[in-house]
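Here the structure comes first, spelled out in structure tokens, and everything after it is commentary.
The values are calculated or read from the model by the stated rules, or taken from the named source; none is laboratory data. Because the structure is a prediction, the values reported are computed rather than measured. Counting neighbours? That spans all protein chains shown, and the Cβs are built from the backbone with ideal geometry, glycine included. Only protein heavy atoms, including side chains, enter the accessible area calculation; ligands, DNA and RNA are left aside. Shrake-Rupley method; radii C 1.70, N 1.55, O 1.52, S 1.80 Å.
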Amino acid sequence: MYTGKLIFSQVMDFMPLQIFRRCVAKYRGNFKIRKFTCLDQLLCMAFAQITYRESLRDIEVCLRSQNNKLYHMGIRGNICRSTLADANEKRDWRIYAELAQSLIETARALYSKDTFIEELDETVYALDSTTIDLCLSVFPWATFRKNKGAIKLHTLLDLNGNIPTFIHISDGKLHDVNALDLIPMEPGAFYVMDRGYVDFERLYVFTEIAAFFVTRAKTNIKCRRLYSHPVDRDTGLICDQTILLTGIASRKGYPDKLRRVKFHDSETKKTLVFLTNNFKLPALTIARLYRSRWQVELFFKWIKQNLRIKSFYGTSENAVKTQIWIAISVYVLVAIMKKQLHLKESLYTIFQVLSVSTFEKTPIYQLITDHNHKNEPVATCKQLKLFE
């Protein structure tokens, strides 16, 4: 019989607790707290994400039913839904946001060698946002429309490993194009986005810092063709042009040359027009880059289906942001575990297995890969030997 750690504790071993404690100290998360610390809060919320708990009562009932195992999970405080609700409402959400950023840096380093497109050595990011609907009477701070509330997750996704490198949580009114003022820009990287982000003054910032963008052109764009380059029409390419903008506002915002690539997608029967400031990559690669933008849509779909970010345990802005950042932390933590343990299974499979095995003591690699090898006894230095 394996006498080691619980599955939940094995997963949490990948959490950088030293960094977490620094974040707690920075924002005084444990100030005047004696019984239910920020670590207890983190572990309870992480448990809720892994096991798909739907409410605070759900978390309380499940954990209290395993009361004799809470100490081995790392939870020292008493589990009470009112205490957890107070912690989510009052303790600064930035503690968990900075923890998530630390995990993201670790994950990006692990996935940096994964190839996304063979002919590209540069990092490729996909930028998009998703809306989470809320009840305006329950979440009055999340303004969206007259009788509807919502929040937006503006996300910059590193397509090497599908790791979210930047997340900004706003109310539903913030337009997508304004997120361009917030994202960190990296020289030499590619940023793929849809036409909702077309603002030529903001796009020119990419050119000024030597970063590249790929986006779709709006139908009312005014431009003048300077050069046409040969294309292979059998690949779906229609044209590859160098253009100058001719609209008064657009020419003022983006005075430099742009590249216009027109492509017919035989699968969807749609003709798409792309704009980019990169003139070196083949035109077909530009089309492939824009197609990769779909990965961020799949990411949003995945986290909405597999993490608890559509129904919330609290109604305050702090509670909502705390829950979302802990959910992102759990997602990235499992991605780190998958890479470090060299697991071939998908994140979906790993989450499903973890959700029903939280209180087991099977080695996590054996549990997920279903290797029925013989368990080795675990040496416990503090255990007394009564009989030899």
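Below is a table of values for the structure above.
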{"quantity": "Cα long-axis angle, helix 56-65 against the chain (0 to 90 degrees, to the nearest 10)", "calculated": "40"}
{"quantity": "Using alpha-carbon coordinates, inclination of helix 38-51 to the longest axis of the chain, degrees", "calculated": "70"}
{"quantity": "Karplus-derived HN-Hα couplings along segment 197-211 (A = 6.51, B = -1.76, C = 1.60, θ = phi - 60°), whole Hz, x at Gly and Pro", "calculated": "9, 6, 9, 5, 5, 6, 5, 5, 4, 4, 5, 5, 9, 6, 9"}
{"quantity": "C-alpha long axis of helix 317-340 to longest principal axis of the chain, angle in °", "calculated": "90"}
{"quantity": "Computed magnitude of the charge dipole of segment 37-129 (debye, nearest 20; Cβ of K, R +1, Cβ of D, E -1)", "calculated": "880"}
{"quantity": "Considering only the chain, percent of DSSP beta bridges that pair antiparallel, nearest 5", "calculated": "90"}
{"quantity": "Listed residue (315, 50, 355) projecting farthest to the positive dipole end of the chain, Cβ model", "calculated": "315"}
{"quantity": "Of every Cα-Cα pair in the chain, the percent that sits beyond 26 Å", "calculated": "60"}
{"quantity": "Selected from 55, 266, 170 as most flexible by GNM, with the chain as the system and alpha-carbon contacts under 10 Å", "calculated": "266"}
{"quantity": "Solvent-accessible area per residue for segment 240-377 (1.4 angstrom probe, square angstrom)", "calculated": "47"}
{"quantity": "Estimated 222 nm signal from helices in the chain, with DSSP H stretches of n ≥ 4 weighted -39500 (n - 2.57), rounded to 500", "calculated": "-11500 deg cm²/dmol"}
{"quantity": "Isotropically averaged projected area of segment 53-125, using the convex hull of Cα atoms (one quarter of hull area), nm²", "calculated": "7.7"}
{"quantity": "Calculated P(r) of segment 22-70 - Cα pairs past 13 Å, %", "calculated": "63"}
{"quantity": "Filtered chymotrypsin sites (Phe, Trp or Tyr not before Pro), segment 129-213: DSSP coil and at most 16 other beta carbons within 10 Å", "calculated": "141"}
{"quantity": "Positive-end residue of 223, 139, 292, charge dipole of the chain with Cβ unit charges", "calculated": "139"}
{"quantity": "For the chain, size of Cβ-based charge dipole, Lys and Arg +1, Asp and Glu -1, in debye", "calculated": "940"}
{"quantity": "Cα-centre dipole for segment 176-327 with unit charges at Cβ (Lys and Arg positive, Asp and Glu negative), debye to 20", "calculated": "440"}
{"quantity": "Normalised convex hull volume, segment 237-317, alpha-carbon set, Å³ per residue", "calculated": "177"}
{"quantity": "Within the accessible area of the chain (1.4 Å probe), percent carbon and sulfur", "calculated": "50"}
{"quantity": "Amide proton proximity set for residue 213, modelled H, under 5 Å, gap of 5+", "calculated": "191, 277, 278"}
{"quantity": "Relative contact order for the chain, counting Cα pairs under 8 Å that sit 6 or more residues apart, in percent", "calculated": "22"}
